[in-house]
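Enquirer: One structure coming up, written as structure tokens, with questions to follow.
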Amino acid sequence: MGVVEAVRRVVSGSDGVTALWVTHRLEELDYADGASYMENGHVVLGGSVAKVKKFVLEKQEEYKRSISF
């Protein structure tokens, strides 16, 4: 069992338990109820997983365009 699955089991099986998960992997957001995006130690965006994923994917594309020759 992986760490994500272990945390998911503990949180889903207990009332009043909250987990704060820090990750760089977008696929791990699929287990979250909500998400926040941070830059330079500041929250830039918070909201639904779909909203944050969309924002991150757009930033990735913007970065790719900026380094294309």
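Laboratory data are not the source of any read-out in this text; all were calculated from the coordinates shown. Predicted model, so just to flag it, every value in this text is computed and none were measured. Don't worry about glycine lacking a Cβ; one is built from the backbone with ideal geometry, like all the others, and counts go over all protein chains shown.
Enquirer: Counting helices only, and only those DSSP H runs with n ≥ 4, report the 222 nm mean residue ellipticity of the chain as the sum of -39,500 (n - 2.57) divided by its residues, in deg cm²/dmol to the nearest 500.
Expert: Numbers: 2 runs with 29 residues, N = 69.
Mean residue ellipticity, 222 nm, calculated: -13500 deg cm²/dmol.
Enquirer: While we're here: Rounding to the nearest 20 debye, state how big the charge dipole of the chain is about its Cα centre with +1 on each Lys and Arg Cβ and -1 on each Asp and Glu Cβ. Kindly include the intermediate steps, with their values, before the conclusion.
Expert: Details: 9 positive and 10 negative charges, 33 e Å.
Approximately 160 debye in magnitude.
Enquirer: What is the ratio of the Cα radius of gyration of region 1-61 to 2.2 N^0.38 Å, where N is its residue count, to two decimals?
Expert: 1.21
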